[in-house]
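To start, the structure under review is shown below, and the notes come after it.
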Amino acid sequence: MIPDKVPKDDVFYGAAELQKGAHVPTFEKYKDMYMQSIQDPDKFWGDMAKDFFWKSQHTGRFLDYNFDVTKGEIFTKCMAGASTNICYNVLDRNVHDRKLGDKVAFHWEGNEPGDESMVTYRELLHAVCRFANVLKSQGVRKGDRVAIYLPMVVELVVAMLACARLGAVHSIVFAGFSAESLSDRIMDSGCSLLVTADGFYRGDKLINLKILADEALQKCRDKGFPLHRCIVLKHLSKEAHETSLSCPPAKRSCPDLQVPWNPEVDRCWHALVAAASDQCEPEWCESEDPLFILYTSGSTGKPKGVLHTLSGYMLYTAATFKLVFDHRPDDVYWCTADIGWITGHSYVTYGPLANGATSVLFEGLPTYPDVSRMWQMVDKYRVSKFYTAPTAIRLLMKYGNEPVQKYKRDSLKVLGTVGEPINPEAWHWYFSVVGDSRCPIVDTFWQTETGGHVLTPLPAATPMKPGSATFPFFGVVPAILNECGEELEGPSEGYLVFKQPWPGVMRTVYGNHGRFQSTYFKKFPGYYVTGDGCRRDKDGYYWITGRIDDMLNVSGHLLSTAEVESALVEHEAVAEAAVVGRPHPVKGESLYCFVTLGDGRTFNPTLEAQLRKQVREKIGAIATPDYIQDAPGLPKTRSGKIMRRVLRQIARGEKDLGDISTLADSSVVETLFINRCQPAL
Ligand code: PRX
């Protein structure tokens, strides 16, 4: 499955000195380790587990599973019966056993240049213990769900680890999501408490987060789900600054900051923390106890609460972080993802902390106050490992080389990307301009569901091909299937699936195991189905070709077309809506919406603006439609199914529509074509 030989030509390597002291220095070594990980996963992962603290050892098989729906319930268990605590492993173990108490865990950099602070492992441990005591005092117990809706501040890490310390389950909602998205998630996961903040800046835009949180809580109340406690971090309010771990914002008045306060529900983070002890015994949990729920878009519309459990996730994020970024003790690592996404969970918080790494935690944007911000920060913190998304690279690439080259970037050793396929042009720019042709690029393919990287190069070992996620990580066995479910050998293209679990794979959809089984395991019994298409080339390299379900990838974030459509049809003027992706030079894909209005309604700029606002308010700014087209009719088959392929082609302006003989009324296509939205300038 892994090729014996890798090609000599048309591949790229990073600087040869990276091999010195690397965890996996050569392709031969990768192959050996890979074979061991497949032939004897229990030994492979068992060796990794030795680095961690176990209160008691596992009792059953190291990794036990069923991936075949025809043989019964789908399950994966890793180290069942063992007891441990992930917070203890990422903090106490580092402070006490590994003597890393004085090492910086995070350099925090705020939205505004000059807003900065740092926190050591010992300080982080104390802050987490204090907040865990606060949560306890508010009634949070093992197994309870806690919603967290915070910007990128150190306190976000503190809140998540405090939950983990108590065995409570965190459900983090990206602070760019709307009030409605937050309330849906709070109710779906049955949270008993919300942690949020007064507000934050994104570039020069103030986000009044507490107002959104209050709207969400009101929606919950309206639906008979009252939430009795909300802890509010004062990030921008004046009184916040003394006890804040994320340094006070630069002296700036925030006249527009509004922090409505409901004394029955709201409590001030700082007041509670000031009164709490910095000692807190961890709650010893079982390996398969839930660690967190994180929502991801589902192709049927309603987001799915992806559930990850403790030990397997801990081992997997720790191992992938260590090997994929070839982590060394003196590294400074920076992952630009927000913790509200899986990349932030696994590669801002758990993976780096499990390795005792020093990271940069950045609140701001790559373009604020100017497009040099990232590279200025790379020099400032001497970042050696840098991990971002193709959409950010494409965005910065537009501004040319000068904003990059005015900084030295000589500390950089490894670059990474995640979230969507990286087009070769962006890859080459990242490699040659940002990394000065010295730094390998780890193009990491994975999903919220996979917990960690599943296809990825290893920086010192894998010859790279621009745009290919290359080969499987240890313990991962990919296959490519055709429509009939047959495994394809050699060069081929089809459905990307995995044949067996790795420790970090999701365990269920929270509250809906049936949906978990039908989404990922029903189409091809015996396999985990990713939902992505994939090509394997003659050299055995894997190339992700994109989603094969009705999901769109906008700036590295998955959105379901059904979710956006249902937000549109909730507007009283809209009778029907169909949403497709249109390629976008920076975002990867943009949202192109066709709307059919109800009788007597006319399409005009006011309605268009209302629809945009409606989607933004229902889902969040990332789902704001780029194009909305009036569609008097939609192309449907005789059985009434919308032909999305045709809509996609119209959105792209492709005149040759192929076979449309199955359409009930082909004249609608012509009308849609004539009225199609032109690309924005
Ligand atoms: O389509 C693939 C794409 O992102 C999807 C997973 O999205 P999400 O669960 O939000 O997690 C994103 C961060 C892990 C995948 O099904 N994707 C992710 N990474 C890559 C990618 N597509 C191609 N290459 C990648 N490196």
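The values are calculated or read from the model by the stated rules, or taken from the named source; none is laboratory data. Because the structure is a prediction, the values reported are computed rather than measured. Every residue, glycine as well, gets a Cβ built from its backbone with ideal geometry; the counts of neighbours run over all protein chains shown. All accessible areas refer to the heavy atoms of the entire protein, side chains included, with ligands and DNA or RNA removed. Shrake-Rupley method; radii C 1.70, N 1.55, O 1.52, S 1.80 Å.
Can you tell which of VAL360, VAL404, VAL383, VAL378 is away from the ligand (no atom under 16 Å from the Cβ), open to solvent by less than 20 Å² (accessible area, probe 1.4 Å), over 30 Å from MET314 (Cα atoms) and at pLDDT 95 or above? Can you show your working first?
Values: VAL360 fails: over 30 Å from MET314 (Cα atoms); VAL383 fails: over 30 Å from MET314 (Cα atoms); VAL378 fails: over 30 Å from MET314 (Cα atoms).
Only one candidate qualifies: VAL404.
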Selection count where residues are buried (at least 22 other Cβ atoms within 10 Å of the Cβ) and of a type in the set (S, T, N, Q), scope region 184-241:
2
Here are some conditions: (1) buried (at least 17 other Cβ atoms within 10 Å of the Cβ); (2) in contact (Cβ under 8 Å) with a residue 60 or more places away in the chain; (3) more than 16 Å from the ligand (Cβ to nearest atom); (4) of a type outside the set (A, V, I, L, M). LYS398 meets all but one. Which one does it not meet?
(1)
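Please return the ranges of strands (runs of 3 or more DSSP E) entirely within region 263-362 where 2 or more residues are over 18 Å from VAL173 (Cα atoms). Give the steps one after another, and end with the answer.
Working: elements: 266-268, 290-296, 304-309, 332-335, 358-362.
It comes to 266-268, 332-335, 358-362.
Among the candidates PRO525, PRO472, PRO478, single out the residue that is touching a Cys at 6+ places or on another chain (Cβ under 8 Å), at negative phi and not hydroxyl-bearing (Ser, Thr, Tyr). Full working, then the answer.
Values: PRO525 fails: touching a Cys at 6+ places or on another chain (Cβ under 8 Å); PRO472 fails: touching a Cys at 6+ places or on another chain (Cβ under 8 Å).
Only one candidate qualifies: PRO478.
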Odd one out for SER468 among (1) modelled with pLDDT of 95 or more; (2) out of contact with any Ser or Thr (no Cβ under 9 Å at 6 or more places or on another chain); (3) surrounded by fewer than 22 Cβ atoms within 10 Å (Cβ to Cβ)
(3)
Can we say PRO501 is modelled with pLDDT of 95 or more, more than 15 Å from the ligand (Cβ to nearest atom), within 26 Å of SER37 (Cβ to Cβ) and out of contact with any strand residue (DSSP E or B) (no Cβ under 9 Å at 6 or more places or on another chain)?
no
For VAL371, indicate whether it is surrounded by fewer than 23 Cβ atoms within 10 Å (Cβ to Cβ) and either away from the ligand (no atom under 16 Å from the Cβ) or part of a strand (DSSP E or B) (or both).
yes
Which numbered condition in (1) open to solvent by 10 Å² or more (accessible area, probe 1.4 Å); (2) away from the ligand (no atom under 12 Å from the Cβ) is the only one that GLN447 fails?
(2)
Of the criteria (1) more than 20 Å from VAL306 (Cα to Cα); (2) open to solvent by 20 Å² or more (accessible area, probe 1.4 Å); (3) within 12 Å of the ligand (Cβ to nearest atom), which one GLU493 fails:
(3)
Suppose we filter PRO25, PRO7 for residues that are at pLDDT below 95 and within 16 Å of PHE471 (Cα to Cα); which single one remains?
PRO7
